[in-house]
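Since the structure comes first, as structure tokens, the remarks are kept for the end.
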Amino acid sequence: MLKRLLRRSLTAAAAAVLAGAAVLAGLLWFPQPLFAHVADTGLLRIHCDRPIPETAARRFAADVAARLARSPLRLAHRRYRLFVAHDLWRRRLLWTATSPHAGGFVLYPFAPRNIYLSGADFARDTLISPSGLRVGPPRTLGYYGAHELAHIATGERVGSARFLLMPKWVREGVADHAALGRTGSFDALHRAIAAAPNDVRLWHRHGFYAKYRLLVLFFLEHEGWPVERLLASDLTEAEATAQMVKAMRPAGH
């Protein structure tokens with residue numbers, strides 16, 4: 001009798017967990033009902049839990065589009081959805097099972113046209129992080145939008161399986177390169193990282209993916225790789241770094 005009750009309890013608990021996971025997956029795939037405010041900017045249909053200043057939102061979307069246009073990536077579609085969650089309960093619901101500390105994320109290929117940002121001040125071009133802090137330049141709101149959209153463009157280009165198996169330095173470095181572009185010379189970034197690879201000031205000035213972006217710049221610009229070769233690379237971060245160090249070493253050393 002006790003075993004039967006225990007078995008029923010475990011079955012009910014498992015069913016509840018599966019049902020909860022299914023509901024969460026559904027909300028991540030189609031979160032529109034959670035966001036009352038909508039602004040259609042063309043490329044991005046913005047859904048937010050607070051009123052959206054239309055002029056500033058259009059300026060933001062134009063900035064995102066311009067950053068992608070200057071990159072080697074191209075978008076396969078004309079319309080994508082951006083969800084901006086300021087309220088804590090929405091972030092806990094949508095972020096906790098995915099990227100609880102991330103300012104932005106995508107779920108490619110599960111939700112292939114959805115972008116999620118933790119909070120946005122469109123008028124000031126500023127992302128509001130999950131902790132409530134405002135992120136300063138160069139990681140503007142336009143940067144975050146372009147970075148996440150670049151992930152989708154990458155997935156569209158290489159396919160779902162390759163996107164998921166791609167080395168992190170390639171996936172994040174390409175997105176950062178698309179979002180930031182040429183904010184400084186390769187040599188300057190190389191010297192900054194070499195001088196203080198784990199310094200907080202480096203992160204503030206060059207972003208959290210500066211090391212990955214440096215590797216992407218090295219292969220695209222110094223080695224002359226086409227973007228297709230970079231996206232197909234299976235070099236580990238250590239192997240890519242060793243190749244860069246060897247190439248940058250002065251002759252005779």
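Observations
- A search for C-beta distances below 9 Å between a residue of region 99-115 that is more than 13 Å from F83 (Cβ to Cβ) and open to solvent by 40 Å² or more (accessible area, probe 1.4 Å) and any residue that is in a loop (DSSP other than H, G, I, E, B) and modelled with pLDDT of 95 or more, counting only pairs 6+ apart in sequence or on different chains, returns P109/G159.
- Residues in region 76-90 that are open to solvent by 30 Å² or more (accessible area, probe 1.4 Å) and either in contact with a strand residue (DSSP E or B) (Cβ under 7 Å, 6 or more places away or on another chain) or among the acidic types (D, E) (or both): H77, R79, R81, D87.
- Every residue from region 21-43 that is in a loop (DSSP other than H, G, I, E, B) and of a type in the set (G, A, S): A36, G42
- Condition met for L93 (touching a helix residue (DSSP H, G or I) at 6+ places or on another chain (Cβ under 6 Å), buried (at least 17 other Cβ atoms within 10 Å of the Cβ) and either over 24 Å from G136 (Cβ atoms) or modelled with pLDDT of 90 or more (or both)): no
- All positions within region 143-165 that are out of contact with any helix residue (DSSP H, G or I) (no Cβ under 7 Å at 6 or more places or on another chain) and either open to solvent by 20 Å² or more (accessible area, probe 1.4 Å) or of a type outside the set (D, E) (or both): Y144, I152, E156, G159, S160, A161, R162, L164, L165
- Test: residue in region 127-139 that is in contact with a Phe, Trp or Tyr (Cβ under 7 Å, 6 or more places away or on another chain), in a helix (DSSP H, G or I) and modelled with pLDDT of 95 or more: no
- Residue in region 57-72 that is over 18 Å from the mean Cα position of the chain (by Cα) and over 29 Å from L217 (Cα atoms) present: yes
- Positions within region 46-74 being over 21 Å from L231 (Cβ atoms) and assigned to a loop (DSSP other than H, G, I, E, B), in sequence order: D49, R50, P51, I52, P53
- Within region 168-226, if we keep just the residues that are in a loop (DSSP other than H, G, I, E, B) and farther than 25 Å from L133 by Cβ, the residue that is modelled with the lowest pLDDT turns out to be S185.
- Qualifying residue in region 85-94 (condition: farther than 16 Å from P31 by Cβ and part of a loop (DSSP other than H, G, I, E, B)): no
The values are calculated or read from the model by the stated rules, or taken from the named source; none is laboratory data. Treat the numbers as computed from the prediction; the structure is a model and nothing was measured. Cβ coordinates were reconstructed from backbone atoms using ideal geometry, including for glycine residues, and neighbour counts include every protein chain displayed. The area values use the complete protein model at the heavy-atom level, side chains included, leaving out ligands, DNA and RNA. Shrake-Rupley method; radii C 1.70, N 1.55, O 1.52, S 1.80 Å.
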